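Derivation of every value follows stated rules applied to the coordinates shown; laboratory data play no part. As the structure is a computational prediction, the values presented were derived from the model and not from experiment. In this analysis, Cβ positions are derived from the backbone assuming ideal geometry, glycine residues included, and neighbour counts consider all displayed protein chains.
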Amino acid sequence: MLRPLIMGNWKMNGTLAEGRAFVRQLCTLLEGSSNVDVCLCPPFTLLQEIRDQIGLTAIFLGAQNVHHADKGAFTGEVSIPMLQELDCTYVILGHSERRSYVGETDAMIARKILAAQSWGITPVLCVGESLEVRDNGEGERHVLAQVRNCLDGAQAEPLVIAYEPIWAIGTGRAASTAQAAQMLKAIREALVSMYKDAGASVRLLYGGSVTAANISEYLASEYANGALVGGASLQAEEFASIVRQAETVPCITK
Ligand code: 13P
């Protein structure tokens, strides 16, 4: 099994003071924690502060989006070298909220993934189907097309993929473990067919209404290597509980 990865996506939440207090509390709660990777993805405005707060702890830092170009006349955007300067290890790409609110396409996401990989930052590719697509029996085909399109020209390393069904995000209606496992299995098979052995080392996360109450069900499946957590990552105690439960999952340290 791969080393579990628990990521907190704060989305557009958090002031400096809140971020500072959160990390202080989280570090206390996670003292002595091992065999699970933890990553916080605050808004851009908090990256530097959270970087300083996590200091020498084993907590990783991630961003929620990035532009594909290194620099230039792209008002309002942030580049990969800028993230690297702030010690970001991960960047979430293709989140469904960016696909639907900002109109990001698979082609745009593919460029970002290539750029992130070329700088050694790990892209966390988000894929997932709407309820309508699922109800039409097209869920798997849709998600696997997203995987193939967004990974056009990309390598299997560094890479993480998060399966986040749109209907489960922020709704409290989490996918059943069977639904999550079925899609993650299909993604794994697609990766192995694309990358051979290297496809087996890509960590696959489940995201969508993950809480301290349901995380253990997902991690019990052999197909989930962790979780991408939204709302439940905003409370230090709840997020720490999710991490603690992931710790009990046996894994081989990479
Ligand atoms: P929730 O955990 O709030 O459903 O959000 C999931 C998500 O979008 C994480 O990226």
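Report the per residue volume, in Å³, of the convex hull enclosing the C-alpha atoms of segment 36-156.
Enclosed volume per residue, from the Cα hull, is 124 Å³.
Give a residue-ordered list of calculated ³J(HN,Hα) values for segment 77-83 (Karplus: 6.51 cos²θ - 1.76 cosθ + 1.60, θ = phi - 60°; whole Hz; x for Gly, Pro).
3J(HN,Hα) across segment 77-83, in whole Hz: 9, 10, 9, 5, x, 5, 5.
If the cut-off is a Cα-Cα distance under 17 Å, which aspartates and glutamates reach K185, setting aside same-chain residues fewer than 8 apart in sequence?
E129, E138, E140, E164, D197, E217, E222
Given +1 on the Cβ of Lys and Arg, -1 on the Cβ of Asp and Glu, and no further charges, what dipole in debye does segment 8-114 carry about its Cα centre, rounded to the nearest 20?
My answer is approximately 180 debye.
Take the alpha carbon gyration tensor of segment 95-246, find the square roots of its eigenvalues, order them as a ≥ b ≥ c, and report rounded if a/c is under 1.5; if not, report prolate when a/b exceeds b/c, else oblate.
Rounded is the answer for segment 95-246, as its axis ratio a/c remains below 1.5.
Kindly write out, for segment 99-116 in residue order, the coupling ³J(HN,Hα) from the Karplus curve 6.51 cos²θ - 1.76 cosθ + 1.60 (θ = phi - 60°), rounded to whole Hz, with x marking Gly and Pro.
5, 8, 8, 10, x, 5, 9, 4, 5, 5, 5, 4, 5, 5, 5, 4, 5, 4
Taking only C-alpha pairs under 8 Å that are 6+ residues apart, what is the relative contact order of the chain in percent?
24 percent
So who's got an amide H within less than 5 Å of the one on G8, skipping anything under 5 residues away but keeping other chains? H placed 1.01 Å off N, in plane.
Result for G8 returns C39, L40, C41, V229.
Which value, to two decimals, describes the C-alpha radius of gyration of the chain once divided by 2.2 N^0.38 Å?
0.93
Put a dot 7 Å past each Cα toward the Cβ at F44 and H142; how far apart are the dots in nm?
2.9 nm
Is it possible to state the helix-based mean residue ellipticity at 222 nm for the chain, with each DSSP H run of 4+ residues giving -39500 (n - 2.57), the sum divided by total residues, to the nearest 500 deg cm²/dmol? What is it?
Dividing the helical sum by the residues of the chain leaves -12000 deg cm²/dmol.
Please list the non-local residues whose amide H lies under 5 Å from the amide H of T122, H modeled 1.01 Å from N, same-chain partners needing a gap of 5 or more.
Y90, V91
Sorted by mean Cβ packing within 10 Å, highest first, what order do the peptides 30-38, 233-241 take?
233-241, 30-38
By counting other Cβ atoms within 10 Å of each Cβ, how are Y206, Y101 ranked from fewest to most?
Taking fewest neighbouring Cβ atoms as first place, the list is Y101, Y206.
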